[in-house]
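J.: Structure in structure tokens, see below.
Bear in mind these aren't lab numbers, they're just calculated from the coordinates by the rules spelled out. Computed from a predicted model, the values in this text were never measured in an experiment. Cβ coordinates were reconstructed from backbone atoms using ideal geometry, including for glycine residues, and neighbour counts include every protein chain displayed.
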Amino acid sequence: MSQRRYDYDLFVIGAGSGGVRAARLAAQTGARVAVAEESRVGGTCVIRGCIPKKLLIYASQFGEHFEDSVGYGWSYENAHFDWPTLIAHKDKEIARLEGLYRANLEKAGAELIDERAVLAGGHDIHLQRSGRTVSAERILISTGGRPNPHKALVGHELCITSDEAFGLEKLPEKVVICGGGYIAVEFAGIFASMGVDTTILYRGKEILQRFDMDLRRLLHAEYENKGIKIRCQDVFGRIERLDSGWLRGTFHGGDCYDAEQVLLAVGRLPNTEGLGLEKLGIETDARGSICVDAYSKTNCEHVWAIGDVTDRMQLTPVAIHEAMCFVDTVFNGRPTKPDYGSVPTAVFSQPEIGTVGMTEDAARREIDHLAIYKSVFRPLKNTLSGRSERMLVKLVVDADTDRVLGAHVLGPDAGEMAQLLGIAVKMGATKADFDRTMAVHPTAAEELVTMYEPSAIIRKGEVVEAA
Ligand code: NDP
């Protein structure tokens with residue numbers, strides 16, 4: 001493809017979900033591709049994010065499964081959980097997945113370079129361990145992000161982030177989790193279900209800011225029912241280590257709270273430091289994220305960036321989609337912009353959240369005439385088990401066009417439901433389409449197609465009818 005002026009047609013910096021997909025697809029077009037990785041292949045998602053997190057969640061759910069089984073006639077004795085065994089098994093599985101990622105790159109014909117690569121100016125890339133400099137016609141930056149270390153917090157270095165939480169030698173007795181986003185609520189569910197005394201400390205009014213308020217409130221209530229403490233509108237001003245080895249957090253108001261571990265889950269920062277962006281004059285925003293156009297191109301003619309390093313949507317499938325669009329645009333002659341409309345997402349809280357499209361609050365701001373359909377109920381499984389946990393399903397509908405703008409679920413398998421709801425919402429399904437879809441009985445998801453009466457009609461942001 002390129003004139004042989006360069007060593008490679010494409011050099012990818014960062015072998016996470018986005019970088020690996022771009023490298024593989026580009027190599028499959030016949031391009032000469034290299035991908036450099038300073039850490040482990042697979043990036044945040046595979047090594048220290050989605051996959052290990054989901055494994056920990058599965059592990060943490062057994063306790064409730066055992067409890068629920070009693071109502072169904074089972075008895076169990078001496079059930080015992082061993083954290084080091086779980087971590088060892090998780091590490092083995094992650095190593096296996098990393099091996100697959102490596103093998104797939106090789107199979108596609110991409111060269112994997114196991115060292116840190118930085119931009120050296122022009123088309124050159126400097127490989128820091130070997131000291132080599134190579135050149136590429138095009139460069140793709142997919143270096144991802146890392147947990148925000150929250151340096152403004154005095155004593156932040158005593159805290160852990162999700163990176164360390166995945167490898168803790170022992171399960172703490174008591175943990176405080178700072179933040180109220182995805183990672184905070186997911187780890188709160190994991191730790192609490194494993195018997196850890198767990199507190200969420202969140203600066204805002206209600207956890208999970210960008211989600212539908214009904215989901216946020218019900219999750220908050222269900223977390224408190226499980227014994228998770230949630231303290232909103234407060235933050236630690238200082239952390240210090242006690243003689244016992246535990247940590248003491250002091251609130252701005254002066255009162256203190258002790259815990260064995262403090263987990264910081266206050267967002268993630270892009271990995272752009274020391275990357276040599278200034279050598280090419282590549283623009284970044286105030287957070288340090290790389291600025292790109294609608295095709296993931298930077299302001300430098302031969303450099304593109306995808307995934308978390310660009311701060312568009314910090315989600316694995318989005319990074320993979322951006323990678324595929326990049327390869328279509330640059331290597332397949334099909335200019336393709338990533339599509340960020342109606343991206344379904346799940347929060348693996350316990351109970352789980354699955355959601356796609358507009359929240360009720362967002363719709364109230366933008367749409368004149370809305371119909372809200374909502375059902376809160378106890379799932380069938382919770383009857384014999386005696387568990388009180390409730391489930392919520394909700395549709396936000398444009399009452400003039402009948403189009404379903406948002407679908408929100410809190411409850412078992414909500415993430416799985418969000419995947420399928422995502423198709424319907426993306427296709428522009430109307431409430432009538434939902435209504436004429438036959439229910440699958442007995443399931444929890446059938447509620448989504450059997451809510452015939454709106455729970456509220458909203459005009460210009462105000463409720464005019466409520467059930
Ligand atoms: P989030 O953006 O989801 O949440 C960050 C939280 O930290 C928010 O509650 C925010 O408060 C709070 N916060 C930010 N800065 C401060 C501060 N200075 N002091 C106190 N609190 C602060 O980030 P996460 O770290 O939870 O996760 C990072 C990203 O990774 C997510 O946005 C998501 O895109 C992705 N992710 C996706 C998952 C999934 O798909 N299931 C799972 C885990 C992560 P406020 O709300 O007030 O801004």
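J.: For region 369-384, in order, what is each residue's ³J(HN,Hα) by Karplus, 6.51 cos²θ - 1.76 cosθ + 1.60 with θ = phi - 60°, in whole Hz (x at glycine and Pro)?
T.: Values per residue, Gly and Pro as x: 10, 10, 10, 10, 10, 9, 9, 10, 8, 9, x, 3, 4, 7, 6, 5 Hz.
J.: Once amide H atoms are built 1.01 Å from N in the peptide plane, which residues 5 or more positions from Ala120, or in another chain, come under 5 Å H to H?
T.: Ile125, His126
J.: Ignoring everything except DSSP H segments at least 4 long, calculate the 222 nm mean residue ellipticity for the chain; use -39,500 (n - 2.57) per segment, divide by total residues, nearest 500. Don't jump to the answer; show the numbers that get you there.
T.: Values: 12 runs with 141 residues, N = 467.
Value at 222 nm, helices only, nearest 500: -9500 deg cm²/dmol.
J.: Placing +1 on the Cβ of each Lys and Arg and -1 on the Cβ of each Asp and Glu in the chain, which of Ala294, Asn225, Tyr58 has its Cα farthest towards the positive end of the resulting dipole?
T.: Ala294
J.: Which trypsin sites (Lys or Arg not before Pro) in region 1-95 pass both tests, a DSSP loop state and at most 14 other beta-carbon atoms within 10 Å?
T.: Values: sites: Arg4, Arg5, Arg21, Arg24, Arg32, Arg40, Arg48, Lys53, Lys54, Lys90, Lys92; in loops: Arg4, Arg5, Arg32, Arg40.
Passing sites in region 1-95 are Arg4, Arg5.
J.: If you don't mind, there's one more thing I want to ask. If you average the sequence gap of Cα pairs under 8 Å that are 6 or more apart and divide by the length of region 350-438, what percent do you get for the contact order? Present the calculation step by step, with values, prior to reporting the outcome.
T.: Numbers: 153 pairs, mean separation 31.0, N = 89.
Relative CO of region 350-438 lands at 35 percent.
J.: Considering only C-alpha atoms, what is the centroid distance from region 423-465 to region 146-207, in Å?
T.: 36 Å
J.: Right, something else. Enter the Cα centre distance for the pair region 22-70 and region 253-301, rounded to the nearest angstrom.
T.: Taking the Cα centre of region 253-301 as reference, the centre of region 22-70 is 21 Å away.
J.: Modelled label-to-label distance, Glu273 and Gln233, 7 Å Cα→beta-carbon offset: nm?
T.: Placing both labels 7 Å along Cα→Cβ, they lie 3.5 nm apart.
J.: In the structure displayed, which of Lys92/Lys151; Lys53/Lys381; Lys92/Lys170; Lys226/Lys394 lie more than 28 Å apart, Cα to Cα? Mind dumping the intermediate values first?
T.: Working: Lys92/Lys151 33 Å; Lys53/Lys381 25 Å; Lys92/Lys170 18 Å; Lys226/Lys394 23 Å.
Result: Lys92/Lys151 exceed 28 Å.
J.: When the Kirkwood radius is taken over all Cα pairs of the chain, what Stokes-Einstein diffusion coefficient follows at 4 °C and 1.567 mPa s, in µm²/s?
T.: Values: Rh = 24.3 Å.
Translational D for this selection: 53 µm²/s.
J.: Could I ask something else about it? I'd like the FRET efficiency for Glu465 and Asp163, computed as 1/(1 + (r/R0)^6) with the beta carbon distance as r and R0 of 51 Å, rounded to 0.05.
T.: On the way: r = 49 Å, r/R0 = 0.97.
Computed FRET efficiency for Glu465 and Asp163: 0.55.
J.: Residues with amide H under 5 Å of Asp7's amide H, sequence separation 5 or more or different chain, H placed in the peptide plane at 1.01 Å from N; which?
T.: Ser135, Ala136
J.: Here's a follow-up. For region 44-125, state which GluC sites (Glu not before Pro) are in a DSSP loop and have at most 16 other beta carbons lying within 10 Å of their beta carbon. Each step should come with its number before you reach the end.
T.: Working: sites: Glu64, Glu67, Glu77, Glu93, Glu98, Glu106, Glu111, Glu115; in loops: Glu77, Glu115.
Here the GluC sites (Glu not before Pro) that fit, given the DSSP loop and packing criteria, are Glu77, Glu115.
J.: As an exercise, identify the trypsin sites (Lys or Arg not before Pro) in region 161-236 lying in DSSP coil whose Cβ has no more than 12 other Cβ atoms within 10 Å. Could the numbers behind the result be given before it?
T.: Details: sites: Lys170, Lys174, Arg203, Lys205, Arg210, Arg216, Arg217, Lys226, Lys229, Arg231; in loops: Lys170, Arg203, Lys205, Arg210, Lys226.
Sites meeting the loop and neighbour criteria: Lys170, Lys205, Arg210.
J.: Okay, next question. So what is the relative contact order for region 1-112, in percent, with contacts set as C-alpha pairs under 8 Å and at least six apart? All intermediate terms of the calculation are to be shown ahead of the outcome.
T.: Values: 120 pairs, mean separation 36.9, N = 112.
So the answer I get is 33 percent.
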